[in-house]
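The structure appears right after this line, and notes come after that.
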Protein chains: 2
Amino acid sequence: MMQRSGRKRNKRPQTSTSLKQLPWSQVKSPYKPFEILHEGQIDAICDTAYRILEEVGMDILHAEAKEIFRKAGAQVESGGDRVRLDRGLIKDAMAQAPSSFTLHSRNPVHNLDLSLGNISFGSVASAPNVSDIEKGRRPGNQDDYRNLLKLCQSLNTVHFIAGYPVEPVDIPPRTRHLECVADMAILTDKVYHAYSLGKERITDALEITRIAHGCQNWNEFKQKVRLFTIINTSSPLRLDGVMIEGAMEMARHNQLCIITPFTLSGAMAPITVAGALAQQHAEALAGMTLLQLVAPGCPVAYGGFTSNVDMKTGSPAFGTPENAQAAMIGGQLARRVGVPYRSSNANASNCVDAQATYESQMSIWSAVMGQANMVMHGAGWLEGGLCASFEKLIIDAEMLQMMTKFLQPPEVTEASLGLDAVKDVGPGGHFFGTAHTLERYETAFYSPILSDWSNFENWEENGSKTTTERAHLIYKNILNEYEQPVFDIALKDEINDFVARRTAEGGVSGDF
Amino acid sequence: MMQRSGRKRNKRPQTSTSLKQLPWSQVKSPYKPFEILHEGQIDAICDTAYRILEEVGMDILHAEAKEIFRKAGAQVESGGDRVRLDRGLIKDAMAQAPSSFTLHSRNPVHNLDLSLGNISFGSVASAPNVSDIEKGRRPGNQDDYRNLLKLCQSLNTVHFIAGYPVEPVDIPPRTRHLECVADMAILTDKVYHAYSLGKERITDALEITRIAHGCQNWNEFKQKVRLFTIINTSSPLRLDGVMIEGAMEMARHNQLCIITPFTLSGAMAPITVAGALAQQHAEALAGMTLLQLVAPGCPVAYGGFTSNVDMKTGSPAFGTPENAQAAMIGGQLARRVGVPYRSSNANASNCVDAQATYESQMSIWSAVMGQANMVMHGAGWLEGGLCASFEKLIIDAEMLQMMTKFLQPPEVTEASLGLDAVKDVGPGGHFFGTAHTLERYETAFYSPILSDWSNFENWEENGSKTTTERAHLIYKNILNEYEQPVFDIALKDEINDFVARRTAEGGVSGDF
């Protein structure tokens, strides 16, 4: 038998003991997805997307990918990168894509089913900076990277690690992915993401994940989807070589690629929501089609990231009305294609304040009402993605828990309708002491981790702490109580050995 | 011809010139209301409500009202206040209630149509305290009262004055309503609310409103709905005498009464959402039925305010998941009855921070998705209603504008789909300079009044202002630029004369 590490043994995934959070569960919406556009309008966007791919085409910056497209019948510009795809080719390829699947974690409790109506929230990902109100804003580094991972492991509402919560620039670029992926595999037992920056990095991430999952060989590994990557197109209409390389490697290992066009309306896409979505749809289809040609039946998902830029400055804006509409319509488009859908919880505020919160709420509501299967950047994103905030992570966790509870419709039964309680209490009475209340009061309502419902005088007496200040204390507490999740020590050693060996070899060959 | 007052003459309603807000418009949702419960569950709640009224009954603390109920066939406890209502009686009475109507303002531009799908946002109302970040929290007073009215007049997204934004306790209680209603009629030209604290106050408010609308007599006045009042039940199951008196007077003048049960789940109503809603429904039906018996066909609306208390402290909580569900289901119940629906934008935070914002967003989204016709406390509410905040008012205005824009679905036309623009720009290009963009860039996207989309460096250079700090500057600017809306000087004089006369008489007879 293999030995287990961690201070506590043979236990369920750790959650910090003083944090009274909701239990782990995937969020399931019992409602129909909210639809902004009617079917005819979705038809029009899809038709425009096909025409973009047929009449304009995409630049595919990778020789092998172009060859794969050519063999499948696409029209590939001789001596160039332009690939034009016929809608018949796309439809045939996409017919192979599974409509849903399960993302497996090394701890099966944390598996994520991406079926329609199931919603999962991820961590913030890829921020170059990190901040908290104590030490301010600073460049990403390994300490903060690890602390953010620990928080995401501890918070049940963070269902997956959406990428490096912050980019640890103090680790050399050629070996950074090794330490980072190993940390995700060891410090958390949730599903995580690997960056498709060339084949080498993805190969290393696949290897660490294979070990973490205890797979003896690649055949065993491929039986389940265990790792995912986000492929951003270089909008407009371009797929970069390093991204393609990583994605093809993932597809060949039956791992999930989410194609997310970077269609900021007014800059990299048309200035209209409809036009930006048509381009988004074209780019997503092109990427997913390529992967279905590479490995028919491989898991793919549709990423929606269309927002708008501030036309005065060119800055990207998030959580805007247009962003919310695009996020919901993106879900309609993904369901039309028949693959899982990814959205985001985004905002463009420079500090953890009302704007950060209302823009995030616009994102969260649109993702949830539009039923995104995966909500990237669910917790901790600030500054349009340029900063990961410790306090925002806690605020987001509270907001995501509230949505989780909101999505559980109230029971309507004779007991819950409580006619007898009303009879007991009668006009002018109160319900505090009645049996109906006493039986239920401990679990009746959502219990917040962050919100303060005390009255003004008590709040003042307790130091007049803002939500952000309270979030600061909470994140510190969670970190203090963090314990590494249970892990076979042999597997952990194997991962560490692999990282040491690859680091000694110098890591990958390119610095990008 | 009557003379007009105000610095600028013969102009449309004033809006401050430097504020680039959305134009005045009532919000219309093109979508179906979001439904939390299915029809069978709504049936069950309605049936329980009927059983509450049949088997438990309500205490009606008003002799004339009891007599009206008795004559209509209700079972009135001899020598007591308990009134039991049969569902047949209720259904017959409610069949008289109009399903929708228009709330008329003295400026017809600001009329509000309460048809299904139309959403109107009101000011904060009835807060005993007021705050801004410069002077802190202080008891309500006339200066702040007037300033809040001026802000609500200036902000197009505030469609109506939901009550006194703050209670000006520096005005004696017996004459306070005179000055306050006159201020609403003169400083704003939007629909406003009068408190039903006995017959005298309502009579004065009706008189001021009659004058403001230039009606020569009561018959002319009654042709339109021009004033509204909120009747809170004293939950559980009690209707107070002073409220009833005011409400009956309003009904007899064909003015709107919104019956809003104060059903805080776990305290004044059952601890379950279903039970609290059944009681809410019973109380709302009882109140509306009374008014239909008093004045068949008078305008009534269904108020939903069900939230929960914090079971640890008994403090009311707002913007909770249960509050959001109850707000949406309240809309389903109101539509079942066939009358307009009122909800709220509420939160329980003690300062203008993330919690204030996310709880408000939960309220706003549920009110909008559940299609409340009137959203009370739309802008400026803090501390569970115990404080009106100048900065929160601006933050709310931004959030409400965002929802207004969100509810306008994107155009899907050949032009907006922009295939030609995509062809123009092609792979790897950018859309900033293309004709499709240049034609649209000034109006393409929602333009915020408060959100700051600048990058971190520029934001820091501009003083690292939080959203709340920016909101402070904005509200000051709006006040500086405020101009009284156009008003016939003769009518204004008549109102002022009336107020002076009634004040000289000593106002109303009771201090409550």
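The values are calculated or read from the model by the stated rules, or taken from the named source; none is laboratory data. What you see is a predicted model, and the numbers here were worked out from it, not measured in a lab. For neighbour counting, all protein chains shown are included, and Cβ atoms are generated from backbone atoms with ideal geometry for every residue, glycine included. Ligands, DNA and RNA are excluded from the accessible area calculation, which covers all protein heavy atoms including side chains. Shrake-Rupley method; radii C 1.70, N 1.55, O 1.52, S 1.80 Å.
On a 0 to 90° scale, report how tilted helix A:142-154 is relative to the longest principal axis of chain A, with both axes built from alpha carbons and the result rounded to the nearest 10.
Compared with the principal axis, the helix lies near 60 degrees.
Taking each pair of distinct Cα atoms in the range B:249-379 once, what is the resulting Kirkwood hydrodynamic radius in Å?
Values: mean 1/r = 0.0673 Å⁻¹.
After inverting the pairwise mean of 1/r, the radius is 14.9 Å.
Separation between the A:LYS135 and B:SER99 pseudo-spin-labels, each 7 Å from Cα along Cα→Cβ, expressed in nm?
That separation, rounded to one decimal, is 6.2 nm.
When the Debye formula is applied to the Cα atoms of the range A:65-201, each taken as the same point scatterer, what base-10 log of I(q)/I(0) results at q = 0.22 Å⁻¹?
Treating every Cα as an identical point scatterer, log10 I(q)/I(0) equals -1.20.
Size of the dipole of the protein assembly as shown about the Cα centre, Lys and Arg at +1 and Asp and Glu at -1 on the beta carbon, nothing else charged, in debye to 20? Let's see the in-between values first.
Working: 96 positive and 116 negative charges, 190 e Å.
Value, rounded to 20: 920 debye.
What ³J(HN,Hα) values, in whole Hz, does the Karplus curve 6.51 cos²θ - 1.76 cosθ + 1.60 give for the range A:167-181 when θ = phi - 60°, with x put for Gly and Pro?
Computed from phi, the couplings for the range A:167-181 are 7, x, 6, 7, 9, x, x, 6, 10, 4, 4, 5, 5, 5, 5 Hz.
Given the DSSP H assignment, sum -39500 (n - 2.57) over each helix run of at least 4 residues in the protein assembly as shown and divide by its residue total; what's the result at 222 nm in deg cm²/dmol, nearest 500? Show your work: numbers first, answer last.
On the way: 36 runs with 426 residues, N = 1024.
It lands at -13000 deg cm²/dmol.
When DSSP beta bridges are limited to those with both residues in the protein assembly as shown, what percentage is antiparallel, rounded to the nearest 5? Could the numbers behind the result be given before it?
Details: 36 of 97 bridges.
Expressed as a percentage, antiparallel bridges in the protein assembly as shown total about 35.
Before anything else, pin down the relative contact order of the range B:22-115: Cα pairs under 8 Å, at least 6 apart, normalised by residue count, whole percent.
Across the range B:22-115, relative contact order equals 20 percent.
What is the distance in Å between the Cα centres of the range B:435-512 and the range B:323-356?
Comparing the Cα centres of the range B:435-512 and the range B:323-356, I get a distance of 24 Å.
Any residues in the range A:405-422 that have 40 Å² or more less accessible area with all protein chains than in their chain alone, probe 1.4 Å, and which are they?
A:PHE406, A:PRO410, A:VAL412, A:LEU417, A:LEU419, A:VAL422
Would you mind telling me the antiparallel percentage of the DSSP bridges in the range B:38-193, rounded to 5?
Details: 10 of 14 bridges.
Antiparallel: roughly 70 percent of the beta bridges in the range B:38-193.
As an exercise, identify the trypsin sites (Lys or Arg not before Pro) in the range B:293-368 lying in DSSP coil whose Cβ has no more than 16 other Cβ atoms within 10 Å.
B:LYS312
Over the range B:375-438, with every protein chain in place, what whole percent of the accessible area is carbon and sulfur at 1.4 Å, could you tell me? Display every interim value, and only then the final one.
Numbers: 970 of 1770 Å².
Whole-percent figure for carbon plus sulfur exposure: 55.
Helix B:354-369 against the longest principal axis of chain B: what's the angle in degrees, Cα atoms only, rounded to the nearest 10?
Once rounded, the angle reads 70 degrees.
Give me, ordered by chain and number, the residues 5 or more places off B:LEU382 or on other chains with an amide H under 5 Å from its own placed amide H.
When sequence neighbours closer than 5 places are left aside, the close amide H contacts are B:CYS387, B:SER389.
Of B:GLY507, B:HIS472, B:ILE495, which is farthest along the charge dipole of the range B:471-511 in the positive direction, counting Lys and Arg as +1 and Asp and Glu as -1 at C-beta?
About the Cα centre, the residue reaching furthest to the positive side is B:HIS472.
Starting at the first residue of the range B:60-76, write each ³J(HN,Hα) from the Karplus equation 6.51 cos²θ - 1.76 cosθ + 1.60 with θ = phi - 60°, in whole Hz, x for Gly and Pro.
Running phi through 6.51 cos²θ - 1.76 cosθ + 1.60 with θ = phi - 60° gives 10, 8, 7, 4, 5, 5, 4, 5, 5, 4, 4, 5, 7, x, 6, 8, 9 Hz.
With a Cα-only, solvent-free Debye model of the protein assembly as shown, what are the log10 I(q)/I(0) values at q = 0.07, 0.09 Å⁻¹?
The calculated log intensity ratios at q = 0.07, 0.09 Å⁻¹ are -0.63, -0.99.
Could you state the accessible area per residue of chain A in Å², with a 1.4 Å probe and every protein chain left in place? If you can, show how the numbers build up before the last one.
Values: 17070 Å² over 512 residues.
The answer is 33 Å² per residue.
If you wrap a convex hull around the C-alpha atoms of the range B:373-428 and split its volume per residue, what is the figure in Å³?
It is 134 Å³ per residue.
Amide H to amide H under 5 Å from A:SER120: which residues, 5+ apart in sequence or cross-chain, H placed 1.01 Å off N in plane?
Sorted by chain and number, the residues that satisfy this are A:MET374, A:VAL375.
How large are Rg and Dmax for chain B when only the alpha carbon atoms are used, in Å?
So, for chain B, Rg and Dmax equal 23.7, 84 Å respectively.
At 0.36 nm per residue, minus the direct Cα-Cα distance, what do A:ASN217 and A:GLU461 gain on full extension? Give it in nm, one decimal, please. Could you put the intermediate results ahead of the total?
Numbers: separation 244, 0.36 × 244 = 87.84 nm, distance 6.07 nm.
My answer for the length gained is 81.8 nm.
To check you understand DSSP bridge types, tell me what percent of the beta bridges within chain A (both residues inside) are antiparallel, rounded to 5.
Working: 18 of 49 bridges.
Restricted to chain A, the bridges split so that about 35 percent are antiparallel.
Counting only C-alpha contacts under 8 Å and six or more residues apart, can you give the relative contact order of chain A as a whole percent?
Numbers: 1069 pairs, mean separation 109.5, N = 512.
Contact order relative to length: 21 percent.
So what's the net charge close to A:ARG501: Lys and Arg +1, Asp and Glu -1, counting the other residues with Cβ under 11 Å from its Cβ?
On the way: positive: A:ARG502; negative: A:ASP204, A:GLU207, A:GLU494, A:ASP497, A:GLU505.
Neighbour charge sum, excluding A:ARG501 itself: -4.
Over all distinct Cα pairs, what is the inverse of the mean 1/r for the range A:153-262, reported as the Kirkwood hydrodynamic radius in Å? Before the final figure, lay out the partial values.
Values: mean 1/r = 0.0694 Å⁻¹.
Radius from the Kirkwood sum: 14.4 Å.
Go through the range A:443-470 and flag every residue whose accessible area shrinks by 40 Å² or more with all protein chains in place compared to the isolated chain (probe 1.4 Å).
Flagged in the range A:443-470: A:PHE445, A:TRP453, A:PHE456, A:TRP459, A:THR467.
Put one equal scatterer on each alpha carbon of the range B:373-512, apply the Debye formula with no solvent term, and list log10 I(q)/I(0) at q = 0.10, 0.16, 0.18 1/Å to two decimals.
-0.68, -1.13, -1.18
At 7 angstrom along the Cα-to-beta-carbon line, where would the label on A:GLY297 sit relative to the other copies? Give the distances in nm, shortest first.
Shortest to longest, the spacings are 7.1 nm.
Pop out the ³J(HN,Hα) list for the range B:35-42 in order, Karplus 6.51 cos²θ - 1.76 cosθ + 1.60 with θ = phi - 60°, rounded to Hz; leave Gly and Pro as x.
10, 7, 10, 8, 4, x, 6, 5
Given a cut-off of under 8 Å on Cα pairs at least six residues apart, what relative contact order in percent is computed for the range A:401-512? Could the numbers behind the result be given before it?
On the way: 20 pairs, mean separation 15.9, N = 112.
Here the relative contact order equals 14 percent.
Name all residues of the range A:208-229 having a backbone nitrogen under 14 Å from the label point set 7 Å from the Cα of A:ALA490 along its Cα→Cβ direction, giving them as ranges.
Backbone N within reach: A:211-217.
Under a Cβ-only charge scheme (Lys and Arg +1, Asp and Glu -1), can you give me the dipole magnitude of chain A about the Cα centre, in debye to the nearest 20?
Details: 48 positive and 58 negative charges, 227 e Å.
For this selection, approximately 1080 debye.
With the cut-off at 24 Å, tell me which of the pairs B:LYS20/B:LYS476; A:LYS150/A:LYS492; A:LYS28/B:LYS28; A:LYS392/A:LYS465; A:LYS312/B:LYS20; A:LYS20/B:LYS392 have Cα atoms farther apart than that.
A:LYS28/B:LYS28; A:LYS20/B:LYS392
What's the center-to-center distance, using Cα atoms, between the range A:382-415 and the range B:38-115 in Å?
Cα centres, the range A:382-415 to the range B:38-115: 37 Å.
Taking the label point as lying 7 angstrom from Cα along the Cα-to-Cβ axis, what are the distances from A:ASP143 to the corresponding position in the remaining copies, in ascending order and in nanometres?
4.9
Roughly how much accessible area, to the nearest 100 Å², goes out of reach of solvent when B and A pair up, both sides summed, probe 1.4 Å? Walk me through the intermediate numbers first.
Values: alone 21700 and 21710 Å², together 34110 Å².
Protein heavy atoms only, the B-A interface buries about 9300 Å².
Give the longest segment of chain B that steers clear of GluC sites (Glu not before Pro) in DSSP loops with at most 15 neighbouring Cβ atoms within 10 Å, not counting the sites themselves.
On the way: sites that count: B:GLU77, B:GLU134, B:GLU411, B:GLU439, B:GLU442, B:GLU505.
The reported range is B:135-410.
Would you work out which of A:SER360, A:ALA397, A:ASN458 lies farthest towards the positive end of the dipole of the range A:346-494? Charges go on Cβ: Lys and Arg +1, Asp and Glu -1.
Selected residue: A:SER360.
Shortest first and in nm with one decimal, please list how far the B:LYS71 label point sits from its counterparts in the other copies (point 7 Å along Cα→Cβ).
9.1
Roughly how big is the range A:219-377's charge dipole about its Cα centre, with Cβ charges of +1 (Lys, Arg) and -1 (Asp, Glu), in debye to the nearest 20? Can you show the working numbers first?
Values: 9 positive and 9 negative charges, 91 e Å.
It comes to approximately 440 debye.
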